[in-house]
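Below is one structure, written out as structure tokens; comments come after it.
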Amino acid sequence: MMLLWREAWIKPLSEYDLGSKICAYCNKRFNDLDFVTSCEFCGIGIMHDLCANSHINTHHGKQVNAKVDAHKDKPLHDYQ
Ligand SMILES: [Zn+2]
Ligand SMILES: [Zn+2]
């Protein structure tokens, strides 16, 4: 199993810092204390954290796989 670690520190940002009141994925307004993030693969803008997951899964599947493959150079277990 491979899990993808997303930087998980929380940084409070105001609307002004974000430059947007609306999620770039679902186009809904952000609510107070929503978890938001940006896409590391494109410049779509700020999205809800969950929307970013959907966005990355649907739009960047290949890039995620490439990233996973890049870490497969060394086998985790050497049974030989
Ligand atoms: Zn959203
Ligand atoms: Zn993206």
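Taking the stated definitions as given, is E15 of a type in the set (D, E) and touching a residue at least 12 places away in the same chain (Cβ under 8 Å)?
Spelling it out, E15 is indeed of a type in the set (D, E) and touching a residue at least 12 places away in the same chain (Cβ under 8 Å).
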- Checklist (1) surrounded by 13 or more Cβ atoms within 10 Å (Cβ to Cβ); (2) small (G, A, S); (3) closer than 14 Å to H59 by Cβ applied to G43, failing item: (1)
- Taking the stretch 1-60, which residues are within 13 Å of ligand 2 (Cβ to nearest atom), within 11 Å of the chain's Cα centre (by Cα) and part of a helix (DSSP H, G or I)? C51, A52, N53, S54, H55, I56, N57
- Taking the stretch 46-63, which residues are of a type in the set (V, I, T) and surrounded by 14 or more Cβ atoms within 10 Å (Cβ to Cβ)? I46, I56
- Query: Taking interchain pairs and intrachain pairs at least six residues apart, which have beta carbon atoms under 7 angstrom, with the first residue in the stretch 38-64 and within 10 Å of Y25 (Cα to Cα) and the second in a helix (DSSP H, G or I) and more than 8 Å from ligand 2 (Cβ to nearest atom)?
  - Reply: I46/L18
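Read the figures in this text as sums done on the coordinates, not as results from a lab. The shown structure was predicted, so the numbers you read here are calculated from the model rather than taken from an experiment. Don't worry about glycine lacking a Cβ; one is built from the backbone with ideal geometry, like all the others, and counts go over all protein chains shown.
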